[in-house]
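These notes are about the structure you will find just below.
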Amino acid sequence: EDQVTQSPEALRLQEGESSSLNCSYTVSGLRGLFWYRQDPGKGPEFLFTLYSAGEEKEKERLKATLTKKESFLHITAPKPEDSATYLCAVFNTGGFKTIFGAGTRLFVKA
Amino acid sequence: EAGVAQSPRYKIIEKRQSVAFWCNPISGHATLYWYQQILGQGPKLLIQFQNNGVVDDSQLPKDRFSAERLKGVDSTLKIQPAKLEDSAVYLCASSLGRVNTEAFFGQGTRLTVV
C-alpha cells in the first residue's frame, strides 16, 4: 500500500535557525512528489513538484530535494512568517490519486 | 485570477442529518478534487473528476457520501446521513490539465457533527 510519512510531527525553531523536514514514502512507481504549505484555517498552497531523484527546487528560503525513498524540505534562516504546516504528497504512475502525509507543523519564534 | 470558491465556510449539524457543500473551481480547470481533512491529519482524497467524469472515488463512503460535477464546472458533495466521525474540513481543489498536476485549494468547509 502506498504510504507517506513525515517527520518530525512538529518543529520549533528560533528565527534564523536553519533545519530540514523529512518526507519518506513507499509507492508503487513514483511519478512525482508535491510539497504544500498550509496556514491555519486555509487550504494547502502549492510550493514545489519534484519528478526524479536528484532534482532540487528553490523558492526564497525553501529548497526541496528528492531521492529514491525520501524528500527533504530545507528551510534556511527561517522567519516567523514561515510558521505553518508543511505537507508532502506523492502520486504514482497511475496518476489517479495523490496521497498526502500528515504534515510537519513548523513554529518559528522571533 | 479568482481562486477556488467553497461554501459554506462552517456548518454544524446533528448526526443523521444531511448536509451539502458547494465548490466552484478556477475557470478552465478540468480536474476537480474533494478531500477530507481530519484535525491533525493530511488531506484524504474522496473523489476526483476529470471534466464530467469520475476518475477515482475509491475512498468515498458511497453508502452516505455522493458527489456530482455539473457541466464540468461546479461541484457538490453531499453527506446523508452524517455520522460523528464525519467531522472534518472538506477541501475542494482544482487543477488545469491532466490529473495530478499542481492543485489549487479552496479554504474548505469545516463540518462539525454533534
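The numbers here are math on the coordinates, done by the rules we state, and not lab data. Here the structure is a predicted model, which means the values were calculated and not measured. As a convention, Cβ positions derive from the backbone with ideal geometry for all residues, glycine included, and neighbour counts pool all protein chains shown.
For this structure, a couple of remarks:
- Rg/Rh ratio calculated on Cα atoms of the stretch B:55-114 (Kirkwood radius): 0.98
- Cross-link partners for A:LYS59 among the aspartates and glutamates, with Cα-Cα distance under 14 Å and sequence neighbours closer than 8 places in the same chain left out: A:GLU45, A:ASP82.
- Each Lys and Arg adds +1 at its Cβ and each Asp and Glu adds -1 at its Cβ; summed about the Cα centre, the protein assembly as shown shows a dipole of about 440 debye.
- Placing +1 on the Cβ of every Lys and Arg and -1 on the Cβ of every Asp and Glu, with nothing else charged, gives the stretch B:21-114 a dipole about its Cα centre of roughly 80 debye.
- Counting only DSSP beta bridges with both residues in chain B, the antiparallel share comes to about 90 percent.
- The stretch B:23-114: trypsin sites (Lys or Arg not before Pro) in DSSP loop, at most 15 other beta carbons within 10 Å: B:LYS62, B:ARG64, B:LYS83, B:ARG98
- When each of the peptides B:85-93, A:79-87 is scored by the mean number of other C-beta atoms lying within 10 Å of its residues, the order from highest to lowest reads B:85-93, A:79-87.
- For residues of A:43-52, the mean tally of beta carbons on other chains within 10 Å: 4
- In order along the stretch B:76-92, the phi-based Karplus estimate (6.51 cos²θ - 1.76 cosθ + 1.60, θ = phi - 60°) of 3J(HN,Hα) comes to 10, 10, 10, 10, 7, x, 7, 10, 4, 6, 7, 4, 4, 9, 9, 9, 10 Hz; Gly and Pro are listed as x.
- Partners for B:LYS44 among lysines (Cα-Cα distance below 22 Å; same-chain residues under 8 apart left out): A:LYS42, A:LYS69, A:LYS97, B:LYS11, B:LYS15, B:LYS62, B:LYS78, B:LYS83
- For residues of A:30-40, the mean tally of beta carbons on other chains within 10 Å: 2
- Among the residues of B:43-56, the average count of other protein chain beta-carbon atoms within 10 Å of the residue beta-carbon is 2.
- Residue-wise HN-Hα couplings along the stretch B:52-68, as the Karplus relation 6.51 cos²θ - 1.76 cosθ + 1.60 with θ = phi - 60° gives them from phi, are 8, x, 7, 8, 8, 9, 5, 10, 8, x, 6, 6, 9, 9, 9, 8, 9 Hz; Gly and Pro carry x.
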